[in-house]
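The values are calculated or read from the model by the stated rules, or taken from the named source; none is laboratory data. Note that the structure is predicted; figures quoted are calculated from it, not measured. Note: ideal-geometry Cβ built from the backbone for every residue, glycine included; neighbour counts use all protein chains shown. We work out accessible area using only protein heavy atoms, side chains counted, and drop any ligands, DNA or RNA first. Shrake-Rupley method; radii C 1.70, N 1.55, O 1.52, S 1.80 Å.
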Amino acid sequence: MTDVRSADPAVAPAPSAGGGEAGRAGRGAGLRAGAGAALLPTAGLLVALGAWWLIARLELVHPAALPPPGDVLTAFVDKPAQMLEHTWDTMLEILYGFALSVAAGVLLGLSLASSRTVERMFTPLLVAVNAVPKITLGPLLVVALGWGQKPILTMVFLLCFFPIVLSTATGLTTTPADLAELVRSWNASRWQAFRKVRFPAALPQIFVGLKVAMPLAAIGAVIGEFQAGESGLGYVITQYAGVGDTPTAWAAIMLVALVSILLYTALLLIERLALPWVRETTSSR
């Protein structure tokens with residue numbers, strides 16, 4: 001009689017190697033992308049520092065104007081608590097002024113996008129205000145608002161406001177035609193169309209304006225501190241450059257750049273979390 005036995009689990013067919021290779025390839029690509037995201041900015045920073053060191057070493061620029069990187073680092077190490085305190089003050093001014101400009105800029109952008117009359121009335125005025133060099137307004141802001149944070153926040157607001165208004169109005173008036181037709185086919189109300197389609201479709205464009213405005217906020221805070229500051233990195237730059245301590249002034253400049261990078265990176269992270277569909281529906285490099 002024929003001996004019938006059940007199949008041995010140990011000799012069951014092995015899974016296809018293709019899936020494992022694809023998984024390994026995907027993990028490898030992810031690791032390479034993560035490594036590149038960390039290493040490439042570091043490499044760029046090292047190249048910039050090397051060029052700075054070489055310029056200072058060859059004295060292509062007078063050391064009183066551009067001290068070597070080592071002197072700048074020493075200036076920071078000698079007074080870290082003081083420098084970090086001023087950095088915190090400047091960061092708060094950037095964030096407060098940026099938040100004010102986002103709130104007002106988005107609201108005005110909504111108004112421009114919702115009414116052709118409002119757009120025609122206020123667009124020339126916005127362009128004119130944006131064309132005025134903001135540094136010329138510094139002394140006037142001090143006279144009008146006094147010393148302290150008020151003129152500084154106003155300067156940040158003036159620099160950030162226009163890009164946010166423009167990007168918001170542009171995003172809300174360039175809804176994709178297929179989405180607009182879909183809303184009309186649903187007989188949706190204006191509020192439903194805005195909440196479900198127009199505003200979500202405008203968010204990528206709005207974030208473009210926010211990313212343009214964030215570095216401008218740092219510039220505005222420093223300009224404001226030049227004119228009316230009693231603390232902050234702009235105040236440090238003017239005080240120490242005025243007495244010839246350029247390494248400390250350059251340390252403050254480097255801290256302004258670092259704060260800008262950190263805040264811009266945080267904004268990119270917020271954009272990625274808030275708009276997960278953008279990377280999935282657009283081409284990437």
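Quick one: net charge around Ser189, please, counting Lys, Arg +1 and Asp, Glu -1 for every other residue with C-beta under 11 Å from its C-beta. Before the final figure, lay out each step's value.
Values: positive: Arg190, Arg195, Lys196; negative: none.
So the surrounding residues net to +3.
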Accessible area in square angstrom per residue, segment 174-285, 1.4 angstrom probe = 58
Rounded to a whole number, what % of the accessible area of segment 56-169 do carbon and sulfur atoms account for, probe 1.4 Å?
-> 71
What does the charge add up to near Leu172, with Lys and Arg as +1, Asp and Glu as -1, over the other residues with Cβ less than 15 Å from its Cβ?
-> +4
DSSP loop (so not H, G, I, E, B), at most 13 other Cβ within 10 Å: list which chymotrypsin sites (Phe, Trp or Tyr not before Pro) in segment 132-196 pass both filters.
-> Trp147, Trp186
Taking the alpha carbon gyration tensor of segment 131-255, what are the square roots of 5 times its eigenvalues, largest first, to the nearest whole Å?
-> 43, 15, 10
Could you size up the charge dipole of segment 177-285 around its Cα centre, putting +1 on the beta carbon of Lys and Arg and -1 on that of Asp and Glu, and report it in debye to the nearest 20?
-> 680
If the cut-off is 25 Å between C-alpha atoms, which lysines fall inside it for Lys211, apart from same-chain ones fewer than 8 positions away?
-> Lys134, Lys150, Lys196
Accessible surface, per residue, of segment 50-122 when the full set of protein chains is kept, probe 1.4 Å, Å² = 60
With a sphere of radius 14 Å drawn around the Cβ of Pro247, what net charge do the other residues whose Cβ falls strictly inside it have (Lys, Arg +1; Asp, Glu -1)?
-> -2
Segment 217-280: GluC sites (Glu not before Pro) in DSSP coil with no more than 11 other Cβ atoms inside 10 Å = Glu230
